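What follows is one structure encoded as structure tokens, with my remarks underneath.
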Amino acid sequence: MTTERERSSDPETQDPISEVMQIQMGPSHPATHGTIKFDLELDGETILKCDTEVGYLHRGFEKMCEQGTWTQCIPYTDRLNYASPLINNFIFTEAVERLLDVTVPERCSYIRVILSESSRIADHLTCLGMAAAEMGAITVGFYMNEARELLYNLNQAVTGARLTVSYGRVGGLARDLPDGCADQITAALTKIRSTLDDCEKLLERNRIFIDRMAGIGVITAEDAVSYGLTGPLLRATGVKRDLRKDDPYMLYDRFDFEVPVGTKGDNFDRYSVRFEETRQSIRIIEQAMATLPGGPVSIEDPTIVLPAKQEVYENIEGLMSHFKLVIEGIKVPAGEIYFAGEGANGELGFFIVSDGSGRPYRVRVRPPCFYGMGALAHMIRGYAIADLVTIFGMVNMIGGECDR
Amino acid sequence: MEIAALVAAAVPVSGAIGYESAGLPFVVVAPSSIRDVLRFLRDDPAQAFSALIDVTAVDHSPGDGVIEVVYVLRSPSRRAKIIVKAKVPADDPRLPSVTSLWNAADWAEREVFDMFGVRFDGHPNLKRILMYEPFEGHPLRKSYPYDRRQPLVEERDPIADPWPSRDRY
């Protein structure tokens with residue numbers, strides 16, 4: 001290595017094409033969605049090796065979860081995949097509920113499905129819009145952001161926040177849907193549907209877009225499984241695997257939807273799979289809204305769910321159970337569970353260990369895009385440096401989730 | 001407990017013990033046998049746990065002085081999950097690496113090494129992944145206080161020391 005450097009620093013013999021060039025891309029680069037560094041070895045424009053360096057957004061999620069009560073973990077889960085925070089909330093609370101062995105009311109599961117799917121749409125719109133904008137199709141980026149805005153407004157109406165939602169609760173939800181929510185959802189879905197049609201026309205007959213996506217970043221199905229890829233990245237290779245179908249949770253088995261798959265495992269298939277999934281999510285939301293049952297959104301168990309404020313102010317039992325829940329936390333029985341759901345980027349799993357006290361002994365999140373980033377070096381080998389931007393865009397790394 | 005008996009029959013040195021938690025099968029095996037056990041679970045047609053979903057660890061050193069390394073496997077064809085555990089002593093945690101079986105183990109094992117200090121023998125590139133190289137200690141150990149301060153890292157001269165990661169891969 002040193003001889004190579006000496007040679008390149010000597011102007012007499014310097015030939016930039018004949019030798020391997022080393023370039024560091026990042027940690028802060030306009031085409032990377034989060035802070036990340038690629039150490040690249042280039043032969044001309046071709047990438048020979050890529051070393052991905054992650055961890056710049058590490059906040060100690062798993063360590064911090066061990067410091068508080070189970071409920072206090074929920075705001076931390078918002079900040080994992082911040083493009084679809086509600087999915088993280090719900091999968092975490094489902095995991096704890098399964099350890100507690102409680103079943104939430106049907107209305108709660110329906111609302112979880114509706115909001116999970118709206119988050120999935122928001123996540124896919126972010127991924128597709130940004131990826132298109134990075135290729136110069138900035139119109140698509142703005143169209144998709146405009147549509148996503150409606151879903152963030154929905155988040156705001158339901159949860160009070162746009163990103164830091166903290167809406168899930170162990171045993172239910174923080175509150176019921178607000179009045180007029182159904183109309184808001186209908187209006188948002190109509191707009192998103194027309195946006196998707198527009199963007200499809202803008203992209204799928206666009207020569208530049210297709211040239212930069214088709215046949216780029218190919219990974220075979222065997223390699224994808226071996227690298228632990230899940231979600232759209234795996235389905236783009238033709239493997240039909242979706243936890244909503246294979247391992248149903250939250251009443252997903254009641255809804256009719258397709259699992260789109262690709263054939264080649266290239267960027268264009270990843271794009272198409274995400275695009276089609278957005279349409280399927282719209283279908284799920286419409287079915288769930290049409291059959292949304294009434295009733296409570298939380299179980300009635302004073303050892304798990306906070307009592308109504310009225311109870312806390314007016315009688316001693318309410319006050320006591322409120323106090324015990326806030327100070328001591330939910331007493332989750334000792335045990336371990338691995339529970340996973342289909343996040344927007346793939347299998348989002350929580351491995352949880354409880355020792356029977358009110359605090360988690362261990363919370364491990366299985367972040368889908370961490371494994372996607374692990375496979376990036378394999379997907380990028382042999383392609384041009386400009387393809388790194390599109391491949392990275394389609395892996396859809398979310399720093400909060402990858403680095404935790 | 002059937003699966004643990006199958007594992008024990010296929011890999012006798014594993015001493016596999018099975019139990020169930022929240023409806024999921026768990027198997028605890030001897031650390032030295034972990035690679036053989038996982039290869040059996042992956043390649044045996046009746047098991048077909050073809051996907052390594054996650055590798056993580058739980059620090060039980062305050063209680064019984066061990067770190068449990070946890071492997072989550074999934075069989076898409078059988079729609080089944082299994083969790084395999086190996087208990088290694090917390091003062092010298094060592095395990096064979098399973099990077100030769102799944103590429104996913106590369107980053108996953110690096111993270112377990114980073115967070116718990118478990119050394120995976122045979123890993124091609126065992127170094128920190130989320131933390132930076134001069135970080136002291138392993139933050140997810142129970143003995144690591146969550147509010148510990150780390151010493152400041154000296155600024156690196158990019159000319160004299162240009163490429164700290166150049167020999168990776």
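Shown is the FRET efficiency for B:Asp43 and B:Arg94, computed with R0 = 25 Å from the Cβ-Cβ distance and rounded to the nearest 0.05: 0.55. Its DSSP H runs of at least 4 residues, each contributing -39,500 (n - 2.57), put the calculated 222 nm mean residue ellipticity of the protein assembly as shown at -13000 deg cm²/dmol, to the nearest 500. Fewest-first ordering of A:Arg362, B:Arg149 by other beta carbons within 10 Å of each residue's beta carbon gives B:Arg149, A:Arg362.
About its Cα centre, the protein assembly as shown has a charge dipole of approximately 840 debye under the convention of +1 per Lys or Arg Cβ and -1 per Asp or Glu Cβ, with nothing else charged.
Take every residue in peptide B:49-57, count the Cβ atoms of other chains within 10 Å of its Cβ, and give the average of those counts. Don't skip to the answer; put the middle values down first.
On the way: counts 0, 3, 10, 5, 9, 12, 3, 8, 3.
Per residue, the average neighbour count from other chains is 6.
Under 13 Å from the Cβ of A:Gly295, count the other residues' Cβ atoms, weight Lys and Arg +1, Asp and Glu -1, and hand me the total. After counting each charged neighbour, the total is -2. Sparsely packed loop sites in the stretch A:156-249 (the trypsin sites (Lys or Arg not before Pro) outside DSSP H, G, I, E and B with at most 10 other Cβ atoms within 10 Å) comprise A:Arg205.
I need the trypsin sites (Lys or Arg not before Pro) found in the stretch B:43-95, filtered to DSSP loop residues with at most 13 other beta carbons within 10 Å of theirs. Working shown, then result.
Numbers: sites: B:Arg74, B:Arg78, B:Arg79, B:Lys81, B:Lys85, B:Lys87, B:Arg94; in loops: B:Arg78, B:Arg79.
Within the stretch B:43-95, the qualifying trypsin sites (Lys or Arg not before Pro) (loop, at most 13 other Cβ atoms within 10 Å) are B:Arg78, B:Arg79.
Annotation: the antiparallel percentage among DSSP beta bridges lying fully within chain B is about 75.
What does the charge count around A:Ala236 come to, taking other residues whose C-beta lies under 13 Å from its C-beta (Lys +1, Arg +1, Asp -1, Glu -1)?
Values: positive: A:Arg235, A:Lys240, A:Arg241, A:Lys264, A:Arg270, A:Arg274; negative: A:Asp223, A:Asp242, A:Asp266, A:Asp269, A:Glu276, A:Glu277.
Net charge in that neighbourhood comes out at 0.
Assuming charge only on the beta carbon of Lys and Arg (+1) and of Asp and Glu (-1), the dipole of the stretch A:70-398 about its Cα centre is about 600 debye to the nearest 20.
If you rank B:Ser14, B:Ser75, B:Ser100 by fewest surrounding Cβ atoms within 10 Å, what's the result? The partial results should precede the final answer.
Details: B:Ser14 24, B:Ser75 16, B:Ser100 13.
Taking fewest neighbouring Cβ atoms as first place, the list is B:Ser100, B:Ser75, B:Ser14.
Seen from every direction in turn and averaged, the convex hull around the alpha carbons of the protein assembly as shown projects onto 27.9 nm².
Given their separation in residues at 0.36 nm each and the Cα-Cα distance between them, A:Asp253 and A:Thr303 gain 15.0 nm when the chain is fully extended.
Coordinate-derived values only; no laboratory data. Predicted model only: the values in this text are computed from it and were never measured. All Cβ positions, even for glycine, are placed from backbone atoms using ideal geometry, and neighbour counts span all protein chains on display.
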